[in-house]
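Just below is one structure, and these are the notes that go with it.
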Amino acid sequence: MEFSSPFQTNLAANISAESQEEYRKIISTLPKETAWTPMQPLCLYQGFWFFPIFLEGAMYIQDHFQAQSTDVLLCSSVKTGTVWLKALCFSIATRTQFNNYTSPLQTTFTHQCIPFLDYGEYAASQGPRFPLLATHMPYTCLPKSVIDSGCKIVYLCRDPKDNFVSLWHFLRKVTRNSFKELKEGDLISVEEAFELFCKGISFYGPYWEHVLGYWNASLEHPERILFLKYEDMMKETAPYAKKIAEFLGCPFSSEEERGGRIQEIIEFCSFENLSNLEVNKAGLHQKKDKLIENSAYFRKGKVGDWRNYLTTEMGERLDNIMEQKLSGSGLIFRVSPQD
Ligand code: A3P
């Protein structure tokens with residue numbers, strides 16, 4: 001895959017004032033939940049909770065985005081390791097063009113190398129483009145052209161307990177940065193957020209519905225949808241890097257394997273390396289009307305950090321909810337005590 005520009009201007013488009021007005025009208029009628037953050041309420045649309053600012057983009061691409069059969073959509077709910085998935089896929093797909101030292105990821109934030117569809121930055125362009133695209137949208141909300149085009153999808157999910165803790169931290173951080181006058185006690189507590197999460201009220205939640213949508217679709221179309229788990233990839237990344245390369249149509253050659261190319265890419269994309277790059281330590285990126293610190297996307301990158309924030313009972317409660325919601329699907333999340 002040839003990567004030319006991190007900003008992909010041939011695809012960028014602004015939602016017209018008329019469409020925006022129309023989307024805002026619809027959004028104003030949706031059920032809302034305000035407790036997560038004072039920045040924006042969550043709105044229930046097509047069975048999932050969205051922030052209005054991103055819902056406008058989602059509605060826009062539902063109406064206008066034209067997927068191409070060569071596109072590969074990197075899909076995930078928020079805080080499941082999206083940056084990691086993007087960095088791995090990007091590095092694997094462009095490895096004949098760049099090495100670790102020349103990679104655009106050295107100087108450009110990952111989300112700018114592979115932008116999100118649902119932030120409304122894409123038009124119906126049919127022109128040539130870098131085929132890796134990303135979205136947090138649930139499977140059932142994807143633009144029809146994604147399904148019709150038969151384009152490939154890589155989905156990453158994560159243990160819900162760590163996902164919850166990561167989301168709680170992230171939203172508090174972004175809220176605090178937006179409202180400097182807010183005090184610690186004004187921000188949502190872990191208990192309050194946990195109750196909402198368990199009710200399915202979270203950013204792109206219910207989380208289990210997000211996961212199930214892609215899981216079921218991956219069972220139906222295994223050749224088109226690669227379903228990955230953060231914990232599996234953290235345990236042993238190499239087999240998944242190889243799987244991704246094969247899925248993207250650029251398998252590692254035996255010379256590359258022998259020469260350590262897989263390991264080089266894994267190390268470059270590791271939390272330790274990415275979080276220490278200057279662009280990710282000190283850079284900012286624009287998300288809609290906000291400037292967000294790139295460092296907000298790198299917290300700990302660990303499996304099982306939930307134990308530092310949730311009681312065992314809370315953990316069990318969420319495990320039980322997941323087990324019940326996923327029952328019969330063949331998908332299991334409960335990780336063993338030593339993990
Ligand atoms: P924690 O908050 O648990 O540390 P997303 O990329 O979807 O926003 O997810 C963010 C989560 O992925 C954060 O989890 C973040 O630290 C972790 N993460 C970021 N880069 C990573 C990497 N290279 N490897 C593993 N985890 C990473």
In nm, what is the difference between 0.36 nm times the number of residues separating LYS287 and LEU326 and their Cα-Cα distance?
10.7 nm
Between HIS221 and residues 5 or more places away or on another chain, which pairs have amide H atoms under 5 Å apart, with H built 1.01 Å from N, and which residues are they?
none
Compute the Rg/Rh shape ratio of the chain: radius of gyration over Kirkwood radius, all on alpha-carbon atoms.
0.94
Return the equivalent ellipsoid semi-axes of the range 49-151 as a descending list in whole Å, where each equals the square root of 5 times an eigenvalue of the C-alpha gyration tensor.
24, 16, 12
Going Cα to Cα from LYS229, which lysines come in below 22 Å? Please leave out same-chain ones fewer than 8 positions away.
LYS79, LYS86, LYS152, LYS161, LYS242, LYS243, LYS300, LYS302, LYS325
Report, to the nearest whole %, how much of the accessible area of the chain belongs to carbon and sulfur atoms, 1.4 Å probe, protein only.
51
I need the phi-derived Karplus couplings for the range 239-254: 6.51 cos²θ - 1.76 cosθ + 1.60, θ = phi - 60°, integer Hz, Gly and Pro marked x.
x, 7, 4, 5, 4, 4, 4, 5, 5, 6, x, 9, x, 5, 7, 5
Compute the relative contact order of the chain as a whole-number percentage, counting only Cα pairs closer than 8 Å that sit 6 or more residues apart in sequence.
22
Got a sec to turn the phi values of the range 159-168 into Karplus ³J(HN,Hα) couplings, 6.51 cos²θ - 1.76 cosθ + 1.60 with θ = phi - 60°, whole Hz, x for Gly and Pro?
3, x, 5, 5, 4, 4, 4, 5, 5, 4
Rolling a 1.4 angstrom probe over the protein chains, ignoring ligands and nucleic acids, what is the accessible area of GLU323 in square angstrom, nearest 10?
100
For a protection proxy built on the mean count of beta-carbon atoms within 10 angstrom, sort 302-315, 176-189, 77-90 highest first, please.
77-90, 302-315, 176-189
Sequence order, the range 34-39: Karplus ³J(HN,Hα) from phi using 6.51 cos²θ - 1.76 cosθ + 1.60, θ = phi - 60°, Hz rounded, Gly and Pro as x, gives 9, 6, 5, 7, x, 5
TYR45's amide H: which non-local residues (gap 5+, or another chain) put their own amide H closer than 5 Å, with H modeled 1.01 Å from N in plane and none for Pro or chain starts?
PHE50
LEU226's amide H: which non-local residues (gap 5+, or another chain) put their own amide H closer than 5 Å, with H modeled 1.01 Å from N in plane and none for Pro or chain starts?
ILE153, VAL154, TYR155
Nearest 5 is fine: what % of DSSP beta bridges in the chain come out antiparallel, could you say?
40
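The values are calculated or read from the model by the stated rules, or taken from the named source; none is laboratory data. Here the structure is a predicted model, which is why all the values come from computation and not from measurement. We place every Cβ from the backbone using ideal geometry, glycine too, and count neighbours over all the protein chains shown. Surface areas here come from the heavy atoms of the whole protein model, side chains and all, with no ligands, DNA or RNA. Shrake-Rupley method; radii C 1.70, N 1.55, O 1.52, S 1.80 Å.
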